[in-house]
Amino acid sequence: YLIEFEKNAIANGVTVHWAADADEHNRIVKTILDQHGVDRIVKSKSMLTEECQLNEFLDAGGIEVIDTDLGERIVQLAKEPPSHIVLPCIHKRKEEIGALFHEHLGTPEGCKDPELLTAAARAHLRERFLTSNATITGVNFAVAETGEFLVCTNEGNADMGAHLSDLHIACMGIEKIIPTRKDL
């Protein structure tokens with residue numbers, strides 16, 4: 001299925017790279033970004049890139065990574081790892097997020113209103129989406145028979161990044177492959 005996916009993805013205009021491990025994955029991503037002169041990216045939630053420690057690798061290589069999933073952005077600003085696979089900042093109280101946003105986003109001191117904090121995050125991230133020329137996403141499913149891949153999001157951040165950027169790097173583990181659209 002992986003070979004079939006590669007053949008069909010290439011026919012669709014996608015460039016496919018293979019990585020044997022996290023180090024090779026990170027080097028491939030960095031090389032692509034360097035070839036395009038990218039020094040700042042937006043990234044949607046991706047467990048593969050988290051497992052590969054891509055953010056830290058790119059940061060060490062001079063590329064700024066802005067996580068665009070709200071929970072991921074919160075823990076990124078706090079310089080903490082995610083505490084949960086689906087809810088990365090479940091351990092944070094709204095008061096802590098308010099203090100973090102005051103420090104990094106300029107929200108009023110003591111603000112803990114979730115609607116105001118979300119609006120501030122949305123404005124902050126929108127500027128990043130509009131000024132970054134590359135997006136990195138994960139992949140939820142890849143269809144072998146068509147060479148298509150799907151990225152699912154509940155916040156719209158992957159969609160926004162992929163549509164606004166000149167370059168979209170989709171990072172996928174082999175477990176994401178499915179045979180046909182019918183299987184999807």
Next item on the list: Output the residues belonging to the stretch 155-164 that are within 24 Å of Lys30 (Cβ to Cβ), within 12 Å of the chain's Cα centre (by Cα) and open to solvent by 20 Å² or more (accessible area, probe 1.4 Å).
Entry: Met160, Ala162
Check: When you look at Ile32, is it touching a strand residue (DSSP E or B) at 6+ places or on another chain (Cβ under 8 Å), of a type in the set (A, V, I, L, M), within 21 Å of Arg128 (Cβ to Cβ) and part of a strand (DSSP E or B), yes or no?
Finding: no
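The rows are residues; the columns are (1) under 28 Å from Ile32 (Cα atoms); (2) open to solvent by less than 70 Å² (accessible area, probe 1.4 Å); (3) acidic (Asp, Glu).
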| residue | (1), (2), (3) |
| --- | --- |
| Glu109 | no, no, yes |
| Thr118 | no, yes, no |
| Phe129 | yes, yes, no |
| Ala142 | yes, yes, no |
| Thr153 | yes, yes, no |
Margin query: Can you confirm whether Val139 is in contact with a strand residue (DSSP E or B) (Cβ under 8 Å, 6 or more places away or on another chain), within 19 Å of Cys171 (Cα to Cα) and in a loop (DSSP other than H, G, I, E, B)?
Written below: yes
Margin query: Under 6 Å between Cβ atoms, which residue pairs at least 6 apart in sequence (or on different chains) link something in the stretch 47-69 that is on the phi < 0 side of the Ramachandran plot with a partner that is open to solvent by 70 Å² or more (accessible area, probe 1.4 Å) and of a type outside the set (Phe, Trp, Tyr)?
Written below: Ile63/Asp39
Notebook entry, point to check: In the stretch 64-78, how many are assigned to a loop (DSSP other than H, G, I, E, B) and closer than 20 Å to Asp39 by Cβ?
Noted result: 1
Item checked: Contacts under 7 angstrom Cβ, first residue in the stretch 7-21 being in contact (Cβ under 8 Å) with a residue 12 or more places away in the chain and open to solvent by 80 Å² or more (accessible area, probe 1.4 Å), partner in a loop (DSSP other than H, G, I, E, B) and not basic (Lys, Arg), 6 or more apart -> Ile10/Val16; Ala11/Gly147; Asn12/Gly147
Next item on the list: State whether one or more residues within the stretch 165-174 are modelled with pLDDT under 95 and under 20 Å from the mean Cα position of the chain (by Cα).
Entry: yes
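Condition check ((1) touching a Ser or Thr at 6+ places or on another chain (Cβ under 9 Å); (2) small (Gly, Ala, Ser)) across all residues:
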position	(1), (2)
Gly106	no, yes
Asp113	no, no
Leu117	yes, no
Ala120	yes, yes
His124	no, no
Asn133	yes, no
Gly138	yes, yes
Val143	yes, no
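The values are calculated or read from the model by the stated rules, or taken from the named source; none is laboratory data. The structure displayed is predicted, hence computed values, not measured ones. Virtual Cβ from ideal backbone geometry, glycine too; neighbours counted across all protein chains shown. When the accessible area is computed, the model is the full protein with side chains, heavy atoms only, and any ligands, DNA or RNA have been set aside. Shrake-Rupley method; radii C 1.70, N 1.55, O 1.52, S 1.80 Å.
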